[in-house]
1. Sorting check: for 39-50, 67-78, which peptide has the highest mean count of neighbouring beta carbons within 10 Å, and how do the rest follow?
2. So between residue 5 and residue 21, what do we pick up on full extension, going 0.36 nm a residue minus the alpha carbon distance?
3. With a cut-off of 8 Å between alpha carbons and a minimum separation of six or more residues, what is the relative contact order of region 8-62 in percent?
4. What order do you get for 27-35, 15-23 when each peptide is scored by the mean count of other beta carbon atoms within 10 Å, highest first?
5. How high is the FRET efficiency between residue 112 and residue 37 when r is their beta carbon distance and R₀ equals 41 Å, given to the nearest 0.05?
């Protein structure tokens, strides 16, 4: 995305960060459609330039150096909400694929990664 390239996501279980407009900048393909990948990409070829530009804008808005920490905090909050079974139904539909146990594990990994990143910034 930073290079202005269109991500091609081949996964049925990947949970995308909520704040990114993935529809405008990425192509998501179901695992069962793997064999159709070349045809799907050819069909979407007229959209590449606009999607590449959108990918770069989304990267600048959410993942650039001056925005990444805010994005990370937002995602941590989302994962924390998801890890509470009582709140599972209030989370956006696309996040409900992740079970609370998987969300807790992801939250721990993201927190650890964030702590390492913050230590690097301080050091």
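1. Working: 39-50: 11.5, 67-78: 14.6.
So the order, starting with the most tightly packed, is 67-78, 39-50.
2. Values: separation 16, 0.36 × 16 = 5.76 nm, distance 1.46 nm.
Result for the pair: 4.3 nm of gain on full extension.
3. Values: 38 pairs, mean separation 23.6, N = 55.
Value for region 8-62: 43 percent.
4. Details: 27-35: 11.8, 15-23: 15.0.
In decreasing order of mean packing, 27-35, 15-23 become 15-23, 27-35.
5. Details: r = 34 Å, r/R0 = 0.82.
Plugging the Cβ-Cβ distance into 1/(1 + (r/R0)^6) gives 0.75.
Only the coordinates and a few stated rules stand behind these numbers; no lab work does. Only a predicted model underlies this, so the values are computations on that prediction, with no experimental measurement involved. Every residue, glycine among them, receives a Cβ derived from its backbone with ideal geometry; neighbour counts consider all protein chains shown.
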